[in-house]
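Notes follow once the structure below has been shown.
Coordinate-derived values only; no laboratory data. Quantities reported herein were computed from a predicted structural model and do not represent experimental measurements. Backbone-built Cβ (ideal geometry, glycine too); neighbour counts: all protein chains shown.
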Amino acid sequence: MDKANIYQHSTMEAITNRRSTVIFGDAGISDNNMQLLLEAASLAPSAYNEQPWQYLYAMRGTPIFDTIFSTLAIPNQEWAKHAAVLVVSLSRKYLARNGEPNFHHLYDTGAANAFMMLQAESLGIGSHTMGGFNREMLRKSFSIPDDIEIASVIAFGYRSSDMKNRPENLVLREQMPRKRKASAEMIFGS
């Protein structure tokens, strides 16, 4: 199939346009749009249909946002302070059906996160997943039990084209062409 034809489909368009945003604008995300993001996550596939993901989220300007923000690595704080929403992605380590370890819980939670970020992209909302945060501080701040893995923190917000008063390193990062491996580099076999 011709790439030009593939990219005309709305799902592929969202996949193609999604990138890790570091320049967010001031606009907030409506409760309705936030519910659409969470609904998209809920529709992701999972092993045994366990749906091991859980989310803790907070809008900018709230004490919960500030607590999540305080656990981020300093380089992430530089840009994430402008995000409209911070989402903590959590994953249950054990199967609800029998208490056995769920070896696919992070994979499944990653799929739910991807669904959420693609829904965000289709609404014109940027996203950025972070692994740079203090897990123990976050766990303690929200009394997250040990049987729950803290998978990531995701920033969501509308992108801004206004680069004034933003650090040069972030402006360059936002404007840098997106580089991806060719699909042939990821395929083995026939």
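Please say if the chain is rounded, prolate or oblate, where rounded means a/c under 1.5 for a ≥ b ≥ c the square roots of the C-alpha gyration tensor eigenvalues, and otherwise the choice is prolate for a/b larger than b/c and oblate otherwise?
oblate
Enter the Cα centre distance for the pair region 18-50 and region 103-146, rounded to the nearest angstrom.
So the separation of the two Cα centres works out to 10 Å.
Which far-off residues, 5 or more places away or on another chain, put their amide H under 5 Å from the one on Gly126, with H placed in the peptide plane?
Sorted by chain and number, the residues that satisfy this are Gly157, Tyr158, Arg159.
Using +1 at the C-beta of Lys and Arg and -1 at the C-beta of Asp and Glu, which of Met130, Phe115, Leu95 has the Cα lying farthest in the positive direction of the dipole of region 91-190?
About the Cα centre, the residue reaching furthest to the positive side is Met130.
Sequence gap at least 6, Cα distance under 8 Å: using those rules, report the relative contact order of the chain to the nearest whole percent.
Working: 303 pairs, mean separation 59.1, N = 190.
31 percent.
Can you list residues from other chains, or at least 5 along the same chain, whose modelled amide H is less than 5 Å from the amide H of Tyr57?
Val88
Report the label-to-label distance for Lys140 and Ala73 in nanometres (one decimal), using points 7 Å from each Cα along the Cα→Cβ vector.
That separation, rounded to one decimal, is 2.0 nm.
What FRET efficiency comes out for Ala184 versus Arg19 if R0 is 22 angstrom and r is the Cβ-Cβ distance? Round to the nearest 0.05. Walk me through the numbers before you get to the answer.
Working: r = 22 Å, r/R0 = 0.99.
Working from the Cβ atoms, E equals 0.50.
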